[in-house]
Amino acid sequence: MSSRTTLMLSALTTALLTTASAHAAGLPQSIGAGEGQLNIIAWPGYIENGSTDKAYDWVTAFEKDTGCKVNVKTAATSDEMVSLMTKGGYDLVTASGDASLRLIAGKRVQPINIDLIANWKNVDERLKMADWHVVNGQHYGTPYQWGPNVLMYNTKVFKEAPTSWSVVFEEQTLADGKSNKGRVQAYDGPIYIADAALYLKATQPALGIEDPYLLNEAQYNAALDLLRKQHSLVHRYWHDVTVQMNDFKNEGVVASSAWGYQVNALKAEGQPIDSTVPAEGATGWADTTMLHADAKHPTCAYKWMNWSLEPKLQGDLAAWFGSNPAVPAACKGNALLTDEGCKTNGFENFDKIAFWKTPQAEGGKYVPYSRWTQDYIAIMGGR
């Protein structure tokens with residue numbers, strides 16, 4: 001048997017097994033006309049209709065082609081997304097890894113049939129089987145975008161990019177001769193404990209931290225101690241991107257973790273802002289478009305999931321948000337992103353990012369996420 005024939009038979013077998021498992025799971029086998037509307041929970045800046053900037057619009061054409069009117073509810077944190085999905089009334093959510101497994105475990109989202117998504121073929125191979133949206137071989141959504149949590153900084157204060165996250169974690173005198181006290185921010189979300197753990201992984205190797213999301217008691221307590229010390233440095237715990245940007249423009253904040261979206265927006269305004277990934281590395285996010293378990297507009301939802309994997313949409317979104325596309329083809333030939341955009345946004349740094357995921361206890365071996373939530377609330381309150 002020739003190698004060509006073997007490959008063809010292998011591909012056919014895989015396709016048949018996929019179809020069989022889809023039938024067995026009770027997944028939809030076809031999609032028809034849309035229901036007329038679609039309700040999506042998304043991060044700010046993720047679903048643009050041209051109202052902010054006419055050049056960035058991936059909603060209008062979808063609505064025209066499908067008859068599905070898109071309604072967007074923005075959420076500032078993963079916890080807010082989980083809460084909104086629990087309340088219901090939405091069809092889709094663009095969930096990060098620290099929310100996706102909670103949504104799956106809580107049965108707030110349903111598995112999808114990727115055979116109904118023609119553009120699945122476009123998805124980056126590094127994302128197709130990612131463990132933040134694939135459970136027991138079942139897909140719970142389509143990859144959307146990904147990127148690092150960068151260190152955003154004021155270029156008037158830092159003439160050269162900071163090389164360490166210490167500028168936000170440790171009290172020190174900055175390059176302008178002033179203390180960093182009251183001039184930095186920290187993220188308003190318990191997943192930020194992982195940022196502290198990642199910093200300690202590099203700076204205190206004796207702790208033996210291997211995964212910043214899987215922390216034993218000693219490692220976890222070391223991260224909490226660092227965050228308690230950081231509290232006196234923090235001007236604000238941010239979750240609203242507009243508030244964060246205002247703090248950099250008007251409140252004297254000069255360094256913080258951030259997303260590419262804020263960096264791009266501030267640069268577009270002519271602000272003295274840039275970003276970097278310090279030597280210790282970075283946490284990051286890989287977002288998945290997930291279908292609500294009780295979605296009232298599933299056909300429009302499937303149509304959107306397919307549309308969201310179009311290379312042009314992916315490239316336009318990456319240019320707007322400062323993120324990386326889930327579709328490699330988007331990296332070339334996009335006027336807004338340009339052929340250098342993916343390199344600039346860190347497309348080749350995928351393996352260097354500690355992607356957000358919900359901490360699991362694994363039989364008591366590690367500190368569970370419920371503890372992360374309680375303790376981080378206390379830290380933000382100064383306790």
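The values are calculated or read from the model by the stated rules, or taken from the named source; none is laboratory data. In this text the structure is predicted, and so the values were computed from the model without any measurement. Cβ coordinates were reconstructed from backbone atoms using ideal geometry, including for glycine residues, and neighbour counts include every protein chain displayed.
One residue is enough: does the stretch 72-95 have a residue meeting the conditions among the acidic types (Asp, Glu), outside the structural domain of residue 190 (by TED's automatic domain parsing) and surrounded by 21 or more Cβ atoms within 10 Å (Cβ to Cβ)?
Yes, that holds for at least one residue.
Based on this model, can you work out whether residue 298 counts as under 24 Å from residue 197 (Cβ atoms), in contact with a Pro (Cβ under 8 Å, 6 or more places away or on another chain) and of a type outside the set (Val, Ile, Thr)?
no
Of 341, 346, which residue is farther than 18 Å from residue 123 by Cβ and in contact with a Phe, Trp or Tyr (Cβ under 9 Å, 6 or more places away or on another chain)?
Just a single option satisfies the conditions, and that option is 341.
Filter the stretch 142-160 for residues that are crowded, with 24+ Cβ neighbours inside 10 Å and of a type in the set (Ser, Thr, Tyr); which is nearest to residue 356 (Cα to Cα)?
Selected residue: 144.
Assuming residue 313 fulfils every condition listed in (1) assigned by TED's automatic domain parsing to the domain that holds residue 221; (2) in contact (Cβ under 8 Å) with a residue 60 or more places away in the chain apart from one, which condition is it?
It fails just one condition, (1).
Go through the stretch 243-288 residue by residue and tally those that are more than 20 Å from residue 336 (Cβ to Cβ) and without any contact (Cβ under 8 Å) to a residue 40 or more places away in the chain.
7
Does residue 362 qualify as being closer than 28 Å to residue 195 by Cβ and either modelled with pLDDT under 95 or touching a Cys at 6+ places or on another chain (Cβ under 9 Å) (or both)?
Yes: the conditions hold for residue 362.
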